Amino acid sequence: MGKYKIGEIVTGCVTGIEKYGVFINLDEYYSGLIHISEISTSFVRNINDYVKMGETINVKILEEDEKSHQVKLSIKDIDYRIDKRNNAKIEETKTGFNTLKIMLDKWVEEKMDEIITEKAEKK
């Protein structure tokens, strides 16, 4: 009997994204692939719309090969997102870019002075 049970939901880390699917590392021994057909019930145009490199997600075990320590995975019918903030709407602050507008000239001037001073010290 293998380490994982078919249908079990486990946590894994996205280690690779290709046109045909997503590579997931489950632990120090097991890794797997979410084939593009197991990402969504809808048409998947761009896999990067669903997952990001390094992201930790929930995955469903479809098959396990004990000898190779490989698993076939799916996120099609599960709530795979662990960090819901990835999809949170970003709200604009009241100040917006005003700080940048006000401070940019000062910051550029300070940086230019720093560069000039460094060049003078090197001579």
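Values quoted throughout were computed directly from the atomic coordinates according to the rules given, and no laboratory measurement underlies them. Computed from a prediction, not measured in an experiment: that's the story for all the values here. Because the Cβ atoms are built from the backbone with ideal geometry, glycine has one as well, and the counts that use them run over all protein chains shown.
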So, in the stretch 39-67, of the ones that are acidic (Asp, Glu) and closer than 15 Å to residue 81 by Cα, which residue ends up surrounded by the fewest Cβ atoms within 10 Å (Cβ to Cβ)? 49
Scanning the stretch 59-84 for residues that are hydroxyl-bearing (Ser, Thr, Tyr) and not in a strand (DSSP E or B) gives 68, 80
Out of everything in the stretch 44-58 that is within 16 Å of residue 12 (Cβ to Cβ) and assigned to a loop (DSSP other than H, G, I, E, B), what residue ends up being farthest from the chain's Cα centre (by Cα)? 50
Residue satisfying all of: in the stretch 1-25; aliphatic (A, V, I, L, M) and under 15 Å from the mean Cα position of the chain (by Cα); surrounded by the most Cβ atoms within 10 Å (Cβ to Cβ) among these: 22
